[in-house]
Amino acid sequence: MDRVLVTGGAGFIGSNFVHHLVEHTDATITVLDKMTYAANAEALAGLPADRVRLVVGDIADETVVEPLVAEHDAVVHYAAESHNDNSLDDPSPFIRTNLLGTFTLLEAVRRAGVRFHHVSTDEVYGDLDLDDPKRFTEDTPYNPSSPYSASKAGSDHLVRAWVRSFGVRATISNCSNNYGPWQHVEKFIPRQITNVADGGRPKVYGDGLNVRDWIHTEDHSSAVLAILERGRIGETYLIGADGERSNLEVVRAILRHFGRDEDDIDFVNDRAGHDRRYAIESGKLRAELGWRPTYDDFDAGLAATIEWYLAHDGWWRRAKASTEAAYAAKGQ
Ligand code: NAD
Ligand code: DAU
């Protein structure tokens, strides 16, 4: 795979994958990104110009997608509207990008015979009770809760249908919650780090007992590359790093890092339809492809992420005030 097209490659996780490809392969890379509010050109700064180029365009625009896809050996598809709260405020861009955009890419890879990897989420499986001994596996039935997760579930189904009906050479990965550099301040961990860094209080939805299964973006990227290179066509792989933490545990760790009182928390309006718990069983990926996470200590990874945000305040401050104003208007 000499020429790789990465959709959404200017976003939080896609940009990490572009760096990972540069460091671990000889591929030349095209990023196709609409440069929405979630994109960061800075996250791609410093990459070698003879190996990485940025094309600004919409994955739902076939006049852009068709010729571009045909120039590549593989497409790794990250582009999406990605934030649950936004999907509750206005689902329409989620339907257009996540469903129509994925459809447009699938038609292009079908015509050009190009390998496709679809990056998806564990949220397609709905949620688990806090005391459920089970975790999500590749066989868990789909049961999405929000417009975002329903749009991702629909996109997964499209990929499976294009594999079965048209023989498209595709794989799918469903990953748990990512943390690390360049994540937008609308998301939980960056929002709370930046609140506390400015002397404010973390804003926790509901009772704060909801559990997420955290993985560092670097580990997500190494898993996607392993699947792209060695995954079996038509297969789905779950990606997770055994990082289950309640939201309260996470904000208390952030408060401790700053030397603040662990109970210095604002409990705010809950998210509609808020999923209780996600948990990933990633045994298939580990056994078949030999993948292992390198960030196996969440507290150390979180501490490094806090330090990264403190060193990059010029970047996140550009979006902080408007993001907080939108949350405040909803009592969050
Ligand atoms: P993000 O919101 O940070 O970035 C999304 C990127 O896609 C942005 O650069 C944006 O400009 C681009 N984009 C949006 N609409 C587009 C369009 N129509 N055409 C072209 N580009 C478009 O998202 P993220 O958190 O980096 O997530 C990336 C992918 O990983 C998504 O598919 C998401 O569902 C999946 N995922 C995310 C997580 C997580 O914890 N964030 C976990 C599992 C899976
Ligand atoms: O599980 C994978 C998913 O993880 C990805 O598919 C999504 O793209 C990604 O955004 C993420 O979804 P979540 O909804 O789990 O992440 P978010 O950061 O929005 O919220 C994490 C948890 O924190 C969730 O239980 C809601 C809660 N929360 C969130 C915010 C923004 C708060 O308590 N307070 C907040 O201010």
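Table for the structure above
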| read-out | value |
| --- | --- |
| Long-range Cα-Cα pairs in the range 1-64 (distance over 13 Å), rounded percent | 58 |
| Loop chymotrypsin sites (Phe, Trp or Tyr not before Pro), the range 231-332, which have at most 15 other Cβ atoms in a 10 Å radius of their Cβ (DSSP) | PHE258 |
| Residues whose placed amide H lies under 5 Å from that of ILE239, excluding near-sequence neighbours | ASN174, CYS175, SER176 |
| Note, ³J(HN,Hα) from phi for the range 136-152, Karplus 6.51, -1.76, 1.60, rounded to Hz, x at Gly and Pro | 5, 10, 4, 9, 5, x, 5, 7, x, 9, 10, x, 4, 5, 5, 5, 5 |
| Simple spin-label estimate for HIS274 and ARG230 in nanometres, 7 Å along Cα-Cβ | 4.0 |
| Candidates per trypsin sites (Lys or Arg not before Pro) in the range 1-68, loop by DSSP, up to 16 other Cβ within 10 Å | ARG51 |
| Cβ-based exposure ranking for SER322, SER155, SER87, in which fewest neighbours within 10 Å come first | SER322, SER87, SER155 |
| Cα gyration tensor shape of the range 52-183, rounded if a/c is under 1.5, else prolate or oblate by comparing a/b with b/c | prolate |
| Helix 247-257 vs. the chain, principal-axis angle (Cα, 0 to 90°, nearest 10) | 70 |
| Acute angle (nearest 10 degrees) that the helix 313-329 long axis makes with the longest principal axis of the chain, alpha-carbon atoms | 70 |
| Cα gyration tensor shape for the range 286-332, rounded if a/c is under 1.5, else prolate or oblate | prolate |
| Cα centroid separation, the range 202-232 to the range 26-57 (Å) | 22 |
| Ranked list, fewest to most other Cβ atoms within 10 Å of each Cβ, for ASP33, ASP73, ASP26 | ASP26, ASP73, ASP33 |
| For the range 243-279 versus the range 310-332, the gap between their alpha-carbon centres in whole angstrom | 18 |
| Residues whose placed amide H lies under 5 Å from that of ALA74, excluding near-sequence neighbours | ARG3, LEU5 |
| The chain: antiparallel DSSP beta bridges as a percent of all, rounded to 5 | 10 |
| Cβ charges +1 (Lys, Arg) and -1 (Asp, Glu), total dipole of the range 125-274, debye | 640 |
| Of the chymotrypsin sites (Phe, Trp or Tyr not before Pro) in the range 1-84, those whose Cβ has at most 15 other Cβ within 10 Å and which sit in DSSP loop | TYR37 |
| Degrees, to the nearest 10: 188-197 long Cα axis against longest axis of the chain | 40 |
| Normalised per residue, the volume of the convex hull around the Cα set of the chain (Å³) | 123 |
| Cα gyration tensor shape of the range 163-298, rounded if a/c is under 1.5, else prolate or oblate by comparing a/b with b/c | prolate |
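A short reminder: the numbers here are calculations on the coordinates, not readings from a lab. Since the model is a prediction, treat every value here as computed from it, not as a measurement. A quick note on method: Cβ atoms are made from the backbone with ideal geometry, for glycine too, and the neighbour counts reach across all protein chains shown.
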